[in-house]
1. With the structure loaded, tell me whether residue 58 is touching a strand residue (DSSP E or B) at 6+ places or on another chain (Cβ under 6 Å) and under 23 Å from residue 212 (Cα atoms) or whether it fails that test.
2. Every residue in segment 111-141 that is under 15 Å from residue 18 (Cβ atoms) and touching a helix residue (DSSP H, G or I) at 6+ places or on another chain (Cβ under 9 Å), please.
3. Residue 230: modelled with pLDDT of 95 or more and either under 22 Å from residue 150 (Cα atoms) or in contact with a helix residue (DSSP H, G or I) (Cβ under 7 Å, 6 or more places away or on another chain) (or both), yes or no?
4. Quick check on this structure: which one of 266, 251, 298, 287 is farther than 30 Å from residue 221 by Cβ and out of contact with any strand residue (DSSP E or B) (no Cβ under 7 Å at 6 or more places or on another chain)?
5. What number of residues within segment 192-235 are over 17 Å from residue 273 (Cα atoms), buried (at least 20 other Cβ atoms within 10 Å of the Cβ) and in contact (Cβ under 8 Å) with a residue 60 or more places away in the chain?
6. Of the residues that make up segment 247-254, is at least one assigned to a loop (DSSP other than H, G, I, E, B) and free of Cβ contacts under 8 Å to residues at least 12 places away in the same chain?
7. Could you tell me which residue of segment 292-318 is modelled with the lowest pLDDT, considering only residues that are part of a helix (DSSP H, G or I) and either touching a helix residue (DSSP H, G or I) at 6+ places or on another chain (Cβ under 7 Å) or crowded, with 18+ Cβ neighbours inside 10 Å (or both)?
């Protein structure tokens, strides 16, 4: 059931997920392939009206520019959350009201709201110290890899090693009375069921052209790949395929922190409900590291007593255990 409406306020609104910029783009991942153009004011009003009629929570995604006053007035006419790219000099606390910052640089991050860091694997592997520092300075850090599909065995080993090092740092932070949040490690400890992206199922995206898309990545990649419009409503073909119960691999999986990116699924396997081997292995490396982190924190005292222990497994891709599925 739909719960969220993502409204892209501009053709160049900030990507905040797995979308990889195409080679012809400028050297920042936040420009997509668009030159930029605000959503028409009437389209914005109609989108808000659609969200109200469907009882959806609205999430606005901003471009890297200031909006006209008349847009700000319409935006503030309904409860919402704001997503925008982190400026080089973040506003001081109490400045620009934002719910999630998105950045392409992990260095010297300081913010009083959650931060999303979009990065490729090489930058990630080289940023251990910066990640640990960021965890001291933000309430929550979400790391989004933009090139999971390129992982090879050597990368999996590097990723496992990095997670182990970050886990030790986070363990010490908990011992020191802090409560850092890193999606790669702390989310799985808190979950009792899948907590995925939900694109096409619990969320839908409205683009500046007045058309709906499964998620922003589908719009940035191919503007013709829409699933309806404001005039005629939603038209998602085979919409059951975006639901967990119709995902043949994911419904048997307990890497509950995995985002199960449907755009990446389709890109790598041609099926929105079937993840790639790379996506599964990365998610299970995170799951296993979370298991170790939870066990290690509990050595220092009671921690999440209501949460069951994460069981040990002998695989990294659930497809390898398909013979045991019920």
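1. It is true that residue 58 is touching a strand residue (DSSP E or B) at 6+ places or on another chain (Cβ under 6 Å) and under 23 Å from residue 212 (Cα atoms).
2. Across segment 111-141, the qualifying residues are 117, 120, 121, 124.
3. yes
4. Every option except 298 fails the conditions.
5. Qualifying residue count, segment 192-235: 7.
6. no
7. If we take residues in segment 292-318 being part of a helix (DSSP H, G or I) and either touching a helix residue (DSSP H, G or I) at 6+ places or on another chain (Cβ under 7 Å) or crowded, with 18+ Cβ neighbours inside 10 Å (or both), then 318 is modelled with the lowest pLDDT.
Results for (1) at pLDDT below 95; (2) closer than 22 Å to residue 317 by Cα, shown as yes or no for each residue.
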| residue | (1), (2) |
| --- | --- |
| 153 | no, yes |
| 160 | no, yes |
| 168 | no, no |
| 171 | no, no |
| 188 | no, yes |
| 195 | yes, yes |
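The values are calculated or read from the model by the stated rules, or taken from the named source; none is laboratory data. Remember, it's a predicted structure, so these values are computed and weren't measured experimentally. Backbone-built Cβ (ideal geometry, glycine too); neighbour counts: all protein chains shown.
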